[in-house]
1. Suppose R0 equals 30 Å. What FRET efficiency, 1/(1 + (r/R0)^6) with r the Cβ-Cβ distance, do THR40 and ALA66 give to the nearest 0.05?
2. How large, in percent, is the carbon and sulfur part of the accessible surface of the chain at a probe radius of 1.4 Å?
3. By how many degrees, between 0 and 90 and to the nearest 10, does the Cα long axis of helix 54-79 differ from the longest principal axis of the chain?
4. Determine the per residue accessible area of the chain with all protein chains present and a 1.4 angstrom probe, expressed in square angstrom.
5. Could you give the nm distance between label points at ARG50 and LYS33, where each point is 7 Å from its Cα heading toward the beta carbon?
6. Relative contact order for the chain using alpha-carbon pairs under 8 Å, separation at least 6, rounded to a whole percent?
7. For the chain, compute the orientation-averaged projected area of the C-alpha convex hull (one quarter of its surface), in nm².
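The values are calculated or read from the model by the stated rules, or taken from the named source; none is laboratory data. Since the structure is predicted, the reported quantities are computational estimates derived from the model, not experimental observations. FYI the Cβ positions are ideal-geometry reconstructions off the backbone, even for glycines, and counts take in every protein chain you see. We work out accessible area using only protein heavy atoms, side chains counted, and drop any ligands, DNA or RNA first. Shrake-Rupley method; radii C 1.70, N 1.55, O 1.52, S 1.80 Å.
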Amino acid sequence: MLTELSGIRALVGSGAARSIRIAAGLSLGEVAKAVGVSPTTVLRWENRQRIPQGEPGVAYGRLLVALMTQQGQRRQKVIS
């Protein structure tokens with residue numbers, strides 16, 4: 001879990017987390033519901049006011065990875 005949190009914090013710290021969510025067409029509320037936190041929490045993570053922690057942080061990271069994977073697959077289809 002610590003290794004996952006470290007990677008998630010790097011995504012959030014770089015600003016990539018927000019970009020990933022927006023590229024996927026998801027609202028703060030949709031992401032918040034999926035990971036079990038409030039939209040305000042997700043906003044604070046994206047604005048680097050708070051650091052993702054615990055199970056919700058891990059769930060957030062897994063969602064971001066899934067979205068990145070999905071976006072990569074879409075790009076491959078467009079290129080092919």
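1. That pair, THR40 with ALA66, gives E of 0.85.
2. Ligands and nucleic acids excluded, carbon and sulfur give 55 percent.
3. 10
4. So the chain comes to 63 Å² accessible per residue, rounded to a whole number.
5. Here the answer is 1.9 nm between the modelled labels.
6. With pairs under 8 Å counted, the relative contact order is 37 percent.
7. Result: a mean projected hull area of 5.0 nm².
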